[in-house]
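For reference, the structure discussed in these notes is given below.
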Amino acid sequence: MFVATFSEQEQRELAEKLTSLLSTYRRISDSYIIEFFSESLWDTLPVSWQEALGDLTPPQIADLLLDKEIKDRRYPSVWPLSLLALRTAAHVLSFPRKAPGGYSQDAGAAVPEEFQFNQSQSSLLGHIFRKHVKPKKQHEILRLGTLVKKLCDQVNCNSVVDVGSGQGHLTRFLSFGLGLDVTGIEADPNLVSMATKFDRQLLLTLTKENQRSGKAHGLHSAPGPSPRHVVGWVNPQASWDVFIQQLVTASENDSSIGPTTGPYEKKQRVEDLHLEPRSCQTKAEDKAELQNTSKTQINISDSVAQINTGAFPSGMATEMLTCKSIPATDCGAKELGSFVLTGLHACGDLSSTLLRHFSNCPKVQVITSVACCYMKISTQENPNPPGVFQPPFSSDITAADSCSDYGYPMSDWVRGLPGHQLSYKAREGACHAIEDYLQRLREESGLLRIHCYRAILESIIRVERPDMRRPGVQTVKKAHALSFSEYARLALPRVGLPADLPYDPVCVDTMLAHQGKVVVYFSLVLLLAPVVETLVLLDRMIFLQEKGFQSELIPLFDAAFSPRNLILVAVKTKEARS
């Protein structure tokens with residue numbers, strides 16, 4: 001069930017329940033598992049919980065605590081009602097993560113059907129779009145790209161802006177594969193350089209294939225417009241007109257590889273890509289689709305449903321993202337065509353910034369937002385969280401352009417709820433992959449001991465250096481296959497301590513014996529992770545509702561394959577677009 005089926009009142013009531021639940025169990029969601037021993041986290045749990053959970057095996061933890069799909073649970077002991085209530089509330093209040101046609105949360109090692117024959121190559125994506133692209137990203141660009149294309153057709157808009165475009169995998173599929181006019185904005189110039197390089201490689205491959213096939217109108221002579229890649233930092237503190245000026249500049253300095261061609265050449269170019277499977281709409285279907293744009297609300301759910309059918313419309317809109325260079329104060333709005341805004345795993349405040357641009361900018365018709373890195377979201381309590389990208393140049397943002405809004409909460413409603421605050425640690429926990437941990441639990445993987453190792457190391461560090469709390473330890477390769485002494489010898493120098501630092505081996509053995517409890521406690525933290533993510537995303541939906549826009553939250557990707565799989569989609573009505 002899509003969240004859009006919730007009424008405005010139901011969304012607000014859900015936000016109240018989420019904040020109440022998280023406020024009650026804030027101690028758990030805010031806990032650092034590496035402090036399990038140094039802060040005696042197990043003793044902070046109710047005694048009745050300790051008795052019920054202390055002797056569970058990893059598979060039992062998966063079945064009885066984390067897996068919401070299990071219907072017939074067999075308990076080795078009587079659980080306290082408070083623990084049962086927590087588990088039920090966490091499962092019921094969290095947004096569903098099962099993708100249409102995908103696997104459930106208990107998917108384990110299963111992969112999407114498109115990878116059944118080759119786990120590194122999607123059978124639904126043309127080979128030219130798989131080069132340099134990992135399977136997870138192949139899965140994402142196929143499903144998100146297809147959804148974006150359907151939404152473009154429904155609002156009769158052919159231009160897309162991909163923010164945080166990275167190496168351009170999504171922009172290439174949208175442009176070369178789906179015939180859209182695409183501008184990708186990326187803050188890292190090295191990634192922009194790679195994107196341009198990969199574009200050229202794709203065109204070279206197509207040219208060779210066309211020459212071998214003997215086509216008269218090969219891509220060598222008429223490649224069609226390539227995606228524009230521009231180095232640009234989308235400043236969360238800047239208003240939307242500054243963002244528009246970035247697009248104006250990008251269009252003026254178009255870095256497309258080949259000359260712009262007419263609709264025929266672009267359509268032919270798309271058909272040359274051999275996407276499997278594909279089907280073309282009839283003219284009647286094209287006409288019907290254009291008529292649908294006059295409806296008050298675009299049917300997003302229908303677009304999602306068609307992703308699995310391999311629908312590949314042939315109708316191409318002619319509106320392009322082109323304009324002249326004009327002063328930023330004039331926004332460029334009169335010269336810049338309408339466009340669809342998308343961000344695939346836009347980090348931290350970038351996702352909330354794009355939503356604000358959608359609500360304020362008249363030229364943004366549709367947004368598809370896939371968030372990630374919730375811990376990098378700014379809040380009133382932590383306006384500058386660690387790890388947030390800082391541009392290597394001074395901004396020209398003026399005081400009039402500055403915006404003091406935080407990444408969370410965005411909505412007035414959630415901001416007014418008592419206990420709505422989410423700590424850095426709670427938001428970081430929301431980025432964990434519950435499906436992956438379920439697999440580890442069911443397999444009783446050796447990887448489960450990593451948290452115990454790190455927690456013991458933290459205790460040793462604090463004995464030697466009481467002032468050093470939670471220092472970053474670079475990943476020790478295959479740590480789960482090492483003894484603790486070997487792990488400590490490799491890890492201690494990474495925090496500036498000697499590899500042979502003495503510690504009490506008897507004490508260490510005692511802590512190692514409590515590995516199962518470490519796993520249980522981390523599972524409790526993980527139980528609340530989807531609740532935190534739900535509150536963050538629900539806040540964004542309520543924000544859009546307060547601005548007069550309806551939205552839907554769609555589990556578009558297979559959660560076992562792509563953990564941040566919830567896509568927020570909003571489409572402006574015809575009245576709002578006109």
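The values are calculated or read from the model by the stated rules, or taken from the named source; none is laboratory data. Keep in mind the model is a prediction, meaning the values are calculated, not measured. Note: ideal-geometry Cβ built from the backbone for every residue, glycine included; neighbour counts use all protein chains shown. To get the accessible areas, we keep the full protein, side chains included, count just its heavy atoms, and leave off ligands, DNA and RNA. Shrake-Rupley method; radii C 1.70, N 1.55, O 1.52, S 1.80 Å.
Check Leu538, Leu524, Leu528, Leu556 and return the single one that is surrounded by 22 or more Cβ atoms within 10 Å (Cβ to Cβ), at pLDDT below 95 and not β-branched (Val, Ile, Thr).
Leu556
Just the residues that are among the β-branched types (Val, Ile, Thr) and out of contact with any strand residue (DSSP E or B) (no Cβ under 9 Å at 6 or more places or on another chain), please, taken from the stretch 124-144.
Ile128, Val133
How many residues does the stretch 485-543 contain that are charged (D, E, K, R), more than 30 Å from Gln9 (Cα to Cα) and assigned to a helix (DSSP H, G or I)?
Qualifying residue count, the stretch 485-543: 5.
Checking the structure you have, find out if any residue of the stretch 556-578 is touching a helix residue (DSSP H, G or I) at 6+ places or on another chain (Cβ under 7 Å), of a type in the set (S, T, N, Q) and in a strand (DSSP E or B).
no
Taking the stretch 51-71 as the search range and keeping residues that are in a helix (DSSP H, G or I) and of a type in the set (Asp, Glu), which one is nearest to the chain's Cα centre (by Cα)?
Asp63
It is to be established whether one or more residues within the stretch 491-501 are surrounded by 20 or more Cβ atoms within 10 Å (Cβ to Cβ) and more than 30 Å from His345 (Cβ to Cβ).
yes
Condition check ((1) over 30 Å from Arg465 (Cβ atoms); (2) in a helix (DSSP H, G or I); (3) open to solvent by 20 Å² or more (accessible area, probe 1.4 Å)) across all residues:
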residue: Ala15; (1), (2), (3): yes, yes, no
residue: Leu22; (1), (2), (3): yes, yes, no
residue: Ile34; (1), (2), (3): no, yes, yes
residue: Ser38; (1), (2), (3): no, no, yes
residue: Tyr75; (1), (2), (3): yes, no, yes
residue: Leu83; (1), (2), (3): yes, yes, no
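Would you list the helices (runs of 4 or more DSSP H) that sit entirely within the stretch 410-470 and hold 3 or more residues that are among the aliphatic types (A, V, I, L, M), closer than 24 Å to Gln515 by Cβ and open to solvent by less than 30 Å² (accessible area, probe 1.4 Å)?
Filter on the stretch 410-470 gives 434-443, 450-464.
Hey, Asp467 hits all of (1) more than 26 Å from Trp42 (Cβ to Cβ); (2) at pLDDT below 95; (3) out of contact with any helix residue (DSSP H, G or I) (no Cβ under 8 Å at 6 or more places or on another chain) but one; which does it fall short on?
(1)
Can you tell me how many residues in the stretch 130-159 are in a helix (DSSP H, G or I) and open to solvent by 10 Å² or more (accessible area, probe 1.4 Å)?
Of the residues in the stretch 130-159, 8 are in a helix (DSSP H, G or I) and open to solvent by 10 Å² or more (accessible area, probe 1.4 Å).
Considering only residues of the stretch 328-354 that are under 14 Å from the mean Cα position of the chain (by Cα) and not in a strand (DSSP E or B), which is modelled with the lowest pLDDT?
The selected residue is Gly348.
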